[in-house]
Amino acid sequence: MAQLKSVILFIFYGMKKIQMVDLVSQYENIKPSIDAAMHEVVTKAQFINGPEVQAFQRELEEYLQVKHVIPCANGTDALQMAMMGLGLKPGDEVITPSFTYIATTEVIALLGLIPVFVEVDPSTFCIDPAAIESAITPKTKAIVPVHLYGQAANMEAIMALAEKHGLKVIEDNAQAIGCDYHFSSGKIQKTGTIGHIGCTSFFPSKNLGCFGDGGAMMTNDDDLAQTLRRIANHGQSKRYYHDEVGCNSRLDSLQAAVLRVKLRQLDRYIESRQNLANAYDEAFGGLHGVNIPARAAYSNHVFHQYTLQVPPQSRDALHAFLEEKEIPSMIYYPVPAHRQQMFTSFNLGSLNLPVTDFLTQRVISLPMHTEMQPDQLAYICSTVQSFF
Ligand SMILES: *Cc1c(COP(=O)(O)O)cnc(C)c1O
């Protein structure tokens, strides 16, 4: 039935099937360079720690204007190793938003640390600095802001709090690589390079995605960089000499080769996401009861997701209506971290995060990628408009 509908859509509109993320079309548009880069790795068979990994690391350092990039196996590992590298110990409290992807908060618990969940700003979806301040206790050691959907958290306020209370800041930059943070001084800095450590993911659907798993940590601190490199490599300082318990977390050479090609496209990709977001804004800005994504004064937006807020009573109906019309949409995220069963042992039952709960009932993300065709965009816009 669904297949028949796509055929009909194609006949009437000549339109390619709409996807949340169209990685196939993206690949087709850069196929010769990707294929050549992968072929080079395969013919040299330097699959682990090959020259591509070092080259990618240098190129990402240059792009982000950060002293050290430490590639690793995925974004979740990056977050875990960042917490290990900062010497966080069981029982230490880590302040983080509940309105995020689970990976941010899971690694806190995995290391025996205590996740302290706080509210986000209802317009930017990112951690609320005032909520951080009221959650600080003598046991607090770190803050993990998440640049959710591709827009920065209020880093200037967060860094000021961290300095005042002697806390470490780990930026979860998995959704915001390439995002520019604007300080009140006028200085502009890439997200992920502002806190003590930044973490990112190269999961295929992320804004800079590879063809499998990948991730990286970023820091401007030389000693910390050395520690993180050691932790990512079995705590090894010299071959077969292991100073501390670490992990095996590597970015492989094939992924690095793909990422080198895609990094050269990243700014163009960001621009096409922003153009799509602007077109969506124009189409949905006037709809009654619908909030288009707010733009923070201190950040640009790289639109990992384009997320509307709609009235709670119509959110699921909109999702079903779009599905019926062959337009995918997603709820990021239907259950906030503090309500996940995995955290039952932290006795969070009495934790009240009304903004977070409110957002989980209102958000809906629309297709957002770099290869959206004008006919697809027009169809999405008119279909959403026809629902309201
Ligand atoms: C994707 C993501 C991660 C985890 O990255 P993986 O590479 O999948 O481990 C962490 N935090 C956020 C906010 C993410 O979106």
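At-a-glance table
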read-out: Residue-wise HN-Hα coupling along segment 26-31, computed from phi with Karplus coefficients 6.51, -1.76, 1.60 (Hz; x: Gly, Pro); value: 4, 4, 4, 6, 10, 3
read-out: Amide H partners (placed H, <5 Å) of Asp22, local residues excluded; value: Thr370, Glu371
read-out: Whole-Å distance, taken between Cα centres, linking segment 209-253 and segment 257-304; value: 32 Å
read-out: Antiparallel DSSP beta bridges within the chain, as percent of all bridges there, nearest 5; value: 65 percent
read-out: Global form of segment 64-131, assessed from the alpha-carbon gyration tensor, a/c cut-off 1.5; value: oblate
read-out: Residues Asn248 and Glu61, FRET efficiency given R0 of 25 Å [Cβ-Cβ distance, rounded to 0.05]; value: 0.60
read-out: Ranked order, Lys187, Lys325 - accessible area, probe 1.4 Å, largest first; value: Lys187, Lys325
read-out: Per-residue SASA entry for Tyr27, accessible area with 1.4 Å probe, Å² rounded to 10; value: 70 Å²
read-out: Other-chain or far-sequence residues with amide H under 5 Å of Lys190's (modelled H); value: Tyr181
read-out: Shape call, the chain: gyration tensor on alpha carbons, a/c limit 1.5; value: oblate
read-out: Shape of segment 141-295, Cα gyration tensor, a/c cut at 1.5; value: oblate
read-out: Kirkwood Rh (inverse of mean 1/r, distinct Cα pairs), segment 40-178, angstrom; value: 16.2 Å
read-out: His234/Ser386 FRET efficiency (R0 51 Å; Cβ-Cβ; nearest 0.05); value: 0.35
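The values are calculated or read from the model by the stated rules, or taken from the named source; none is laboratory data. All of these numbers come straight from a predicted model, not from anything done at the bench. Backbone-built Cβ (ideal geometry, glycine too); neighbour counts: all protein chains shown. For the accessible areas, the whole protein counts, side chains as well, though only heavy atoms, and no ligand, DNA or RNA atoms are used. Shrake-Rupley method; radii C 1.70, N 1.55, O 1.52, S 1.80 Å.
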